[in-house]
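What follows is a single structure, written as structure tokens, with notes after it.
The values are calculated or read from the model by the stated rules, or taken from the named source; none is laboratory data. The model shown is predicted, which means the values in this text are computed figures rather than measured ones. For neighbour counting, all protein chains shown are included, and Cβ atoms are generated from backbone atoms with ideal geometry for every residue, glycine included. In case anyone asks, the SASA skips ligands and DNA or RNA and just uses the protein heavy atoms, side chains included. Shrake-Rupley method; radii C 1.70, N 1.55, O 1.52, S 1.80 Å.
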Amino acid sequence: MSKEAKIPRCHLLDLPWEDVLIPHILNYLPLQHLVSLQRVSKQFHSLIQVYLANCRTFDMIGICIPKEAFCSMLKDCKALQSLSLQNCSDWVTDKELLPVIGQNQHLQKVDMSGCVWLTRHSLVAVSLSCMHLQHLGLAHCEWVDSLSLRSLVDHCRGLLSIDLTACRQLKDDAICYLAKKCLKLKSLSLAVNANITDESVEEVAKNCRSLEQLDLTGCLRVRNQSIRTLAEYCPQLQSLKVNHCHNVTESSLDPLRKRNVVIDVEPPLQRALVLLQDVLGFAPIINLQI
């Protein structure tokens, strides 16, 4: 008998699945590789299903999968803590999402940004099922209304961040309600919503004292008054975006700059120098310390 014949062959799938393959191999593979791997054979498909049943993170960023694959992969999953739906935004509806939300009550992060075919029912389902939710992305979800947001904050008061960019149905009353209930907020985006006024910003400032990041880009009705309130009540603020907020001037931003808050709008003198450089082709030497 040859020496090679004495060596038993060991296939990858012969290794213990839950003790070796899942924790030491599959946990390190990106989702797109798992999708490809389950197509190799029935055994690999079964392995991936076992992995997904106890998966903690399902991230659709960078990968597009069909609706049927999405439903199949998550049908037995009950341990998710993070769910991102960005790359299935053009087809995911309440029908596909509600079962996933209902059986994953330990979700801490959900990103539904750009999911235009969902309705308020999905947000209500998140509020009722995900009591431990900390991070929520709803950017460009114009179906979000005041009632569904109120349901959310009534049940998920541990929210640390929420992105409401371009949720144009929301007005001051909804944002003020959010601020009074979610006192632990560290990051908030109200960008691209012309309904937002000083009333919302001041309520956020006075209630969310741990706020670190605030995005007011394009909030045309926000004025200096609320920015001054923000500077007074939010000592931990690190980043403020006020681009295209034409009623916010340097008089309210300067105190924040002196605290090293990162602001996306340059000081007037700096903007003038940039414009002058564009016109003249060079920037004059000016002592900015004067």
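Observations, loosely collected:
- Some residue of the stretch 66-82 being surrounded by 14 or more Cβ atoms within 10 Å (Cβ to Cβ), outside any strand (DSSP E or B) and free of Cβ contacts under 8 Å to residues at least 12 places away in the same chain: yes
- Long-range neighbours under 8 Å by Cβ, at least six apart or interchain, first residue within 16 Å of L190 (Cβ to Cβ) and among the small types (G, A, S) within the stretch 232-248, second open to solvent by less than 90 Å² (accessible area, probe 1.4 Å) and in a loop (DSSP other than H, G, I, E, B): S239/E212; S239/V261
- Search result, residues across the stretch 39-65 that are open to solvent by 20 Å² or more (accessible area, probe 1.4 Å), part of a loop (DSSP other than H, G, I, E, B) and in contact (Cβ under 8 Å) with a residue 12 or more places away in the chain: N54, R56, I61, G62, C64
- For the stretch 83-93, the set of residues classified as open to solvent by 20 Å² or more (accessible area, probe 1.4 Å) and at pLDDT 90 or above consists of W91, T93, listed by residue number.
- Within the stretch 175-203, the residues that satisfy the criterion of being closer than 18 Å to D154 by Cβ and under 19 Å from the mean Cα position of the chain (by Cα) are I175, L178, A179, C182, L183, K184, L185, L188.
- Within the stretch 91-105, the residues that satisfy the criterion of being in a loop (DSSP other than H, G, I, E, B) and within 13 Å of F70 (Cα to Cα) are W91, V92, T93.
- Scan the stretch 140-157 for residues that are more than 16 Å from K184 (Cβ to Cβ), open to solvent by less than 10 Å² (accessible area, probe 1.4 Å) and not in a loop (DSSP other than H, G, I, E, B) and the total you get is 2.
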